[in-house]
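> Shown below is the structure under consideration.
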Amino acid sequence: MSEKINAVVCGVNFGSFYIKAIERSDKLALCGILSKGSEKSRRISEQYNIPLYTDADEIKDADVVIMAARSMITGGRSSSTVKKLLKNGISVLQEQPVHHLEVRDLISAAADDVKYAVNNFYRYLPGVHEFLAYAEKLRAERKVLRCRMSCSSQVLYPLMDVLYSAAGGAESFTAQKAADGAMSVITGEINGIPYFLDYYNEYTENIDSSLALFFDLKIDTDGGNLILTDPAGDVIWQPHLSCMRDDESNTEKYRSSMPMKRLYSGDIADYAQLYEKAWPEAMERSVLDFIGSEAAELKARHLRQCEMCSMVTTAAGAPVKIETPYTDSVML
């Protein structure tokens, strides 16, 4: 790639991670900040010697705008700006979550060749990437029996994105509540494969900084179970338990196969490394993949994934606000 891709970031709170991603990239260039004009946005504009835009109509030379401000579903108004950018012919990668009706409206505002997607940069973390590669291999070679997973409401969209890929799409998808409580149990099927979701449906005032759990996913097949422990964690293969022997004539010797095999070891040492290195690297890959993808395929996939989220949240019911954030982490 001879010339860098010009990117504008809108929203400088969570957007600061995308700014780090662009700064470290040899393929992306930060060419502006779109903001209401906060002091933080002015400092960033001066630091990088780039324009500070306060109106989407001012942006002329961007290849992509990364929308990191909140959408309607989390109390923000960023989608009106996204719509204006799309109408102006500028491709937009919008940070999740976004309601599927908003997504449908935004897609209708974009010309056929203008790209739009709801981003899940977690899928570009090494462990998730490895998990999806093994899931594709299993789907081709074995029978998938069920999927088991859990997540907090804030990361439902990333989990649905990973599930969509692991299942090879979502021609069919259903969701029903099987049990109520802070941890709702949602059941259904995706492409005829049963799934079970433990869905944590509580939140605090600072919705972005306090999660009771992230997300995990287990795919059960007729040959064993593939496990993603966490987006930044391990990928594990768990063969079916067997007491059979390699040599049936030798009753003292059991099979030599391992009861569990670590396919990928998450090497992120602490949250500082996660936020300062792993996330920006994944974000860079997500932006480059977005730029290299077909517009129609992006729109169809991401609309479907947002529809899946809506079906789960409808089944789960309204989230419950709690006063005590989950910030008192214990290290064992």
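> Among the residues of segment 48-60, which ones are among the hydroxyl-bearing types (Ser, Thr, Tyr) and in contact (Cβ under 8 Å) with a residue 40 or more places away in the chain?
Residue satisfying the conditions is Tyr53 alone.
> Considering each of Ala182, Ala166, Ala140, Ala111 in turn, give the residue that is open to solvent by less than 60 Å² (accessible area, probe 1.4 Å) and more than 23 Å from Ala295 (Cα to Cα).
Details: Ala166 fails: more than 23 Å from Ala295 (Cα to Cα); Ala140 fails: open to solvent by less than 60 Å² (accessible area, probe 1.4 Å); Ala111 fails: more than 23 Å from Ala295 (Cα to Cα).
After applying the criteria, what remains is Ala182.
> With the structure loaded, tell me whether Gly89 is modelled with pLDDT of 95 or more, in a loop (DSSP other than H, G, I, E, B) and not charged (D, E, K, R) or whether it fails that test.
yes
> Of all residues in segment 61-90, which are open to solvent by less than 20 Å² (accessible area, probe 1.4 Å) and in contact (Cβ under 8 Å) with a residue 60 or more places away in the chain?
If the condition is that a residue be open to solvent by less than 20 Å² (accessible area, probe 1.4 Å) and in contact (Cβ under 8 Å) with a residue 60 or more places away in the chain, then Val64, Ile66, Ser78 are the ones that fit.
> For segment 27-58, give me each residue that is of a type in the set (Val, Ile, Thr) and out of contact with any Leu (no Cβ under 7 Å at 6 or more places or on another chain).
Ile44, Thr54 - these are the residues of segment 27-58 that are of a type in the set (Val, Ile, Thr) and out of contact with any Leu (no Cβ under 7 Å at 6 or more places or on another chain).
> Additional query: Collect the residues in segment 93-139 that are assigned to a helix (DSSP H, G or I), of a type in the set (A, V, I, L, M) and more than 22 Å from Cys10 (Cα to Cα), keeping them in residue-number order. Explain how you work it out, then say what you get.
Applying the first criterion (assigned to a helix (DSSP H, G or I)) to segment 93-139 yields 100-109, 121-124, 126-139.
From what is left, the residues that are of a type in the set (A, V, I, L, M) are 101, 103, 106-107, 109, 128, 132-133, 135, 138.
Residues satisfying the conditions are Val128, Leu132, Ala133, Ala135, Leu138.
> Tally the residues that are open to solvent by 10 Å² or more (accessible area, probe 1.4 Å) and either of a type in the set (Val, Ile, Thr) or closer than 21 Å to Leu303 by Cβ (or both), restricting the search to segment 193-203.
Counting residues in segment 193-203 that are open to solvent by 10 Å² or more (accessible area, probe 1.4 Å) and either of a type in the set (Val, Ile, Thr) or closer than 21 Å to Leu303 by Cβ (or both) gives 1.
> Inspect segment 249-270 for any residue being part of a loop (DSSP other than H, G, I, E, B) and modelled with pLDDT of 90 or more and give the result as yes or no.
Yes; the residues of segment 249-270 include at least one that is part of a loop (DSSP other than H, G, I, E, B) and modelled with pLDDT of 90 or more.
> Residues in segment 16-47 that are open to solvent by less than 70 Å² (accessible area, probe 1.4 Å) and either assigned to a loop (DSSP other than H, G, I, E, B) or in contact (Cβ under 8 Å) with a residue 60 or more places away in the chain (or both): how many?
9
> Given (1) open to solvent by less than 40 Å² (accessible area, probe 1.4 Å); (2) outside any loop (DSSP other than H, G, I, E, B), identify the lone condition not met by Ile50.
(2)
> Oh, and also: Of the residues in segment 205-229, how many are of a type outside the set (A, V, I, L, M) and either over 22 Å from Tyr122 (Cα atoms) or at pLDDT 95 or above (or both)?
Looking only at that region, the number is 11.
> Which pairs have Cβ atoms under 8 Å, sit 6 or more apart or on different chains, and link a residue in segment 170-185 that is assigned to a loop (DSSP other than H, G, I, E, B) to one that is open to solvent by 40 Å² or more (accessible area, probe 1.4 Å) and small (Gly, Ala, Ser)?
Going by the 8 Å Cβ cut-off, the qualifying pairs are Ser172/Gly192.
> Name every residue in segment 149-163 that is crowded, with 21+ Cβ neighbours inside 10 Å, assigned to a strand (DSSP E or B) and modelled with pLDDT of 95 or more, in order of residue number.
Once the filter is applied, which keeps residues that are crowded, with 21+ Cβ neighbours inside 10 Å, assigned to a strand (DSSP E or B) and modelled with pLDDT of 95 or more, segment 149-163 yields Met149, Cys151.
> To continue, here is another question. Out of Ala278, Ala300, I need the residue that is at pLDDT 90 or above, surrounded by fewer than 19 Cβ atoms within 10 Å (Cβ to Cβ) and not in a loop (DSSP other than H, G, I, E, B). Which one?
Step by step, each of Ala278, Ala300 is checked, and only Ala300 is at pLDDT 90 or above, surrounded by fewer than 19 Cβ atoms within 10 Å (Cβ to Cβ) and not in a loop (DSSP other than H, G, I, E, B).
The values are calculated or read from the model by the stated rules, or taken from the named source; none is laboratory data. Source: prediction; values computed, not measured. Quick reminder, even Gly has a Cβ in these numbers, built from the backbone with ideal geometry, and neighbours come from all protein chains shown. The area values use the complete protein model at the heavy-atom level, side chains included, leaving out ligands, DNA and RNA. Shrake-Rupley method; radii C 1.70, N 1.55, O 1.52, S 1.80 Å.
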